[in-house]
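The structure appears right after this line, and notes come after that.
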Amino acid sequence: MNRLSLLALIATLASVSACGGKAQYVPGTRVPYSPANQSVLDAVEAYRLAVEERDAQKLLLMAHKSKYWEDSGTPSGSDDYGYEGLANVLATRLQKASEIRYSVRYMKVSQQCPSELNAGCQASVDVIVDASFTIQNVQGKQVRPDKRDQNQFLLEWDGSRWLFISGM
């Protein structure tokens, strides 16, 4: 190891030990802490709780009225919808489910404006969703499917709060 590499290694180790060897993360996650990351994760956490509470009105208020678009992750456009479609999904499908458990593991946050939030700033939040709920199947029997999937929420700062533009 040459002298310059050794000095770089020593400097790196010194800086890590000076801060106790711990990186600062948003509590309960491995997402680096910043006020912007904390605020977007707070918005997603409010969404998660509203899903568990089956609060369609609260969820609809979290969506951007003019920009919300859901492509359902399929190549066909036949199942895509905007804000009005989201309202329909929340009024029909969500209300059929009960005993909802919806947990989210936050994997990554990418911010368009990571240091200072301005109206129009966007963020993506990559998550792993682990959910279960009770629903009546076509035979009229109560079933409780478990779902685990990756998802990405896209949000936009409107100047006072985060609004979902995709992923709900």
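Observations, loosely collected:
- Restricting the first member to the range 52-67 and to residues that are buried (at least 18 other Cβ atoms within 10 Å of the Cβ), and the second to residues that are assigned to a loop (DSSP other than H, G, I, E, B) and of a type outside the set (S, T, N, Q), the beta-carbon pairs closer than 8 Å and six or more apart or on different chains are Leu59/Met168; Met62/Met168; Ala63/Met168; His64/Asp158.
- Search result, residues across the range 111-122 that are among the aliphatic types (A, V, I, L, M) and without any contact (Cβ under 8 Å) to a residue 60 or more places away in the chain: Ala119
- In the range 63-87, the residues that are at pLDDT 95 or above and either polar (S, T, N, Q) or over 25 Å from Glu52 (Cβ atoms) (or both): Ser66, Lys67
Let's see how each residue does on (1) over 20 Å from Pro32 (Cα atoms); (2) over 16 Å from the mean Cα position of the chain (by Cα):
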| residue | (1), (2) |
| --- | --- |
| Arg101 | yes, no |
| Tyr106 | no, no |
| Glu116 | no, yes |
| Asn137 | yes, yes |
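- Of all residues in the range 92-104 being touching a helix residue (DSSP H, G or I) at 6+ places or on another chain (Cβ under 9 Å) and at pLDDT 95 or above, the one that is nearest to Gln152 (Cα to Cα): Val104
- Residue match in the range 123-137 (condition: among the β-branched types (Val, Ile, Thr), over 26 Å from Val26 (Cβ atoms) and surrounded by 14 or more Cβ atoms within 10 Å (Cβ to Cβ)): yes
- Total residues in the range 123-168, condition basic (Lys, Arg), free of Cβ contacts under 8 Å to residues at least 40 places away in the same chain and under 26 Å from Val40 (Cα atoms): 2
- Residues that are farther than 20 Å from Leu41 by Cβ and either surrounded by fewer than 15 Cβ atoms within 10 Å (Cβ to Cβ) or among the polar types (S, T, N, Q) (or both), drawn from the range 94-122: Gln95, Lys96, Ser98, Glu99
- Some residue of the range 105-121 being touching a helix residue (DSSP H, G or I) at 6+ places or on another chain (Cβ under 8 Å), among the aliphatic types (A, V, I, L, M), at pLDDT 95 or above and part of a strand (DSSP E or B): yes
- Filtered residues of the range 74-110 (kept if β-branched (Val, Ile, Thr) and free of Cβ contacts under 8 Å to residues at least 60 places away in the same chain): Thr74, Val89, Thr92, Ile100
- Filter result for Ala36 (surrounded by 15 or more Cβ atoms within 10 Å (Cβ to Cβ), under 19 Å from the mean Cα position of the chain (by Cα), under 24 Å from Trp157 (Cβ atoms) and modelled with pLDDT under 95): yes
The values are calculated or read from the model by the stated rules, or taken from the named source; none is laboratory data. Keep in mind that this is a model prediction, so the values were computed, not measured. Every residue, glycine as well, gets a Cβ built from its backbone with ideal geometry; the counts of neighbours run over all protein chains shown.
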